[in-house]
Amino acid sequence: MKEKESSAATPYAPTLHIKTWAEEDRPREKLLLKGKASLSDAELIAILIGSGTTRLTAVDVAKLILSAVGHDLSELARLSVKDLMKHKGIGQAKAITIVSALELGRRRREAAATAKTRITCSADIYNCMKPQLLDLPHEEFWVILLNRANVVMRKEPVSSGGVAGTVADPKIIFKKALEQLASSIILVHNHPSGNCQPSAADMALTRKMKEAGQFLDLPVLDHLIFTDQDYYSFADEGTL
């Protein structure tokens, strides 16, 4: 008769409940005793989800989620509620909690960037648009409106598309700029693929926008292609 396999042969052996851990090792108590900086990413996520499964603690579940995204919080921020629910132990409520926490973090970065920003180089543009475009799984087109001192007046969304592209209508872009009495504009759109090189369509749109801006006395100072790791500046590359 074949012997019954031991529990050690299963992918995830039963683990002790978090309540049986030493108090200073439990995520919530550890935060109170040692401060939030002492917690690992997995422990912070464990606090959000609250509980695990019959075989996994909340920390174990959090570790599996992080492992699936290469322990990259930016990749985690890209996941939808449905993506998170594919993990054992994560139902809709827990998935919504994780997505909400990450969205709050994104909004905090955006709020910090609302102070008057003066654009002096392409790196300023990139940092200015991080709160809107970082971690996006789809393409979006934005316009930055500047005053005469090159201080950001507003950042306006123009269009939102799919993974491969989005449509930017010059009439809509210049309408937004004229309504706000902007002195100049900067175009920005992201490439979720991570490839920051411009397409033929990007080049054609940039030429059209530059010509229209000259006619309206509303110059296009740059067009930035944004990726999570890098960017392409038409002005820097001499292609504007």
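The values are calculated or read from the model by the stated rules, or taken from the named source; none is laboratory data. Being a predicted model, the structure only gives us computed values, none of them experimental. When we count neighbours, we look across all protein chains shown, and the Cβ atoms used for this are built from the backbone with ideal geometry, even at glycine. Surface accessibility is based on the protein's heavy atoms, side chains included, excluding ligands, DNA and RNA. Shrake-Rupley method; radii C 1.70, N 1.55, O 1.52, S 1.80 Å.
Numerical summary
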read-out: On Cα atoms only, tilt of 58-68 relative to the major axis of the chain in degrees; value: 50
read-out: At R0 = 22 Å, FRET efficiency that the Cβ-Cβ distance of E75 and L48 yields, to 0.05; value: 0.85
read-out: Rough spin-label spacing in nm, given labels placed 7 Å along Cα→Cβ, for R107 and D41; value: 2.3
read-out: Accessible area in the full protein assembly, largest first, 1.4 Å probe, for E103, E140, E75; value: E75, E103, E140
read-out: Calculated FRET efficiency for the pair F215/S159, C-beta based, R₀ 22 Å, to 0.05; value: 0.50
read-out: Equivalent ellipsoid semi-axes - Cα gyration tensor, the chain, angstrom; value: 47, 20, 13
read-out: Unit charges at the beta carbon, dipole of the chain: most positive-side option, S122, S67, G35; value: G35
read-out: Dipole in debye (nearest 20) - segment 35-160, about Cα centre, beta carbon charges: Lys, Arg +1; Asp, Glu -1; value: 320
read-out: Residue-wise HN-Hα coupling along segment 94-99, computed from phi with Karplus coefficients 6.51, -1.76, 1.60 (Hz; x: Gly, Pro); value: 5, 4, 4, 4, 5, 4
read-out: 20 Å Cα-Cα reach of K88 towards aspartates and glutamates, excluding residues that sit fewer than 8 places from it in its own chain; value: D41, E43, D60, D72, E75
read-out: Lysines with Cα under 22 Å of K86, excluding same-chain neighbours fewer than 8 positions away; value: K63, K94
read-out: Helix-derived mean residue ellipticity, 222 nm - over the chain, DSSP H n ≥ 4, -39500 (n - 2.57), to 500; value: -12000 deg cm²/dmol
read-out: Exposure of L32 as accessible area (Å², to 10), given a probe of 1.4 Å and all protein chains; value: 150
read-out: Accessible area, probe 1.4 Å, largest first, for residues D72, D60; value: D72, D60
read-out: Computed accessible area, M129, all protein chains, 1.4 angstrom probe, square angstrom; value: 0
read-out: Phi to ³J(HN,Hα) by Karplus 6.51 cos²θ - 1.76 cosθ + 1.60 over segment 205-214, Hz, x for Gly, Pro; value: 5, 4, 4, 4, 5, 5, 5, 5, x, 5
read-out: Rounded accessible area per residue of the chain, 1.4 Å, Å²; value: 58
